[in-house]
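The numbers here are math on the coordinates, done by the rules we state, and not lab data. Worth saying up front: this structure is predicted, and the values here are computed from it rather than measured. Ideal geometry is used to build each Cβ from the backbone, glycine not excepted, and the neighbour counts take in all protein chains shown.
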Amino acid sequence: MSLKTKITQEDRQQSWAKFESFLKARGLKVTGQRRLLLQFLLQLKHHIDADSLHQSLKNKDASISRGTVYRTLDLLVQCGLVRKSTFGEDHANYEIVHHDEHHDHLICMECKKVIEFYRADLEKLQDSICQHYKFIPMHHSHQIFGICNQCRSKDSDQINLTKKISRLNA
């Protein structure tokens with residue numbers, strides 16, 4: 001289930017304007033490849049890693065380099081348009097930040113599926129905990145690792161499931 005809202009043409013224009021201002025303020029070039037990368041990300045409804053993004057963009061512009069993709073992703077993260085997450089892997093995944101949407105993640109350790117969810121009661125509890133400790137939250141990332149229902153039903157053998165869970169505790 002995806003929580004992603006539909007991105008309008010106005011959202012795309014605002015995102016590009018924000019990124020363009022960000023680049024100019026830092027004396028960086030506003031390029032067609034950076035625009036292409038942002039436009040591609042704005043169309044995605046899922047997370048993507050930099051290498052997969054690079055491969056997808058090479059189909060649209062053969063001259064785009066891996067370095068350009070990595071540098072532009074870093075700039076988009078700094079600008080606040082893109083969120084970077086690791087999901088327990090050795091590489092980062094990226095997704096567009098929707099201004100009015102927050103969500104957390106359930107990550108299947110078998111198939112690597114990422115399920116996005118939002119729970120108002122969980123957010124309220126986190127706020128309460130921060131208030132209790134007089135802590136000012138700036139950002140949080142809630143990730144729960146486990147076995148999704150599809151993988152669990154494929155491997156209904158309790159012994160194998162117990163072995164998988166014990167790998168977490170090792």
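Key figures for this structure:
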item	result
Region 1-98: trypsin sites (Lys or Arg not before Pro) falling in loop per DSSP and having at most 15 other Cβ within 10 Å	K4, K6, R26, K29, K45, K60
FRET efficiency, 1/(1 + (r/R0)^6) with R0 35 Å, evaluated for L42 and I136 via beta carbons	0.70
Region 50-156: C-alpha gyration tensor shape, a/c 1.5 cut-off, then a/b vs b/c	oblate
D51-D74 pseudo-label distance in nm [points 7 Å out on the Cα-to-Cβ vector]	1.9 nm
Shape of region 1-99, Cα gyration tensor, a/c cut at 1.5	rounded
Contour excess over end-to-end distance, with Cα ends at D11 and K24 and 0.36 nm allotted per residue	2.7 nm
Exposure proxy order (Cβ contacts within 10 Å, fewest to most) of H98, H139, H91, H105	H139, H91, H98, H105
Extended-chain gain in nm, criterion 0.36 nm per residue less alpha-carbon gap, E116 and F145	9.2 nm
Residue among G27, N93, L41 farthest towards the positive dipole end of region 1-99, charges placed on Cβ	G27
Residue order, fewest to most surrounding Cβ atoms within 10 angstrom, among Y118, Y133	Y133, Y118
FRET E, pair S128, S65, Förster distance 41 Å, beta-carbon r, rounded to 0.05	0.30
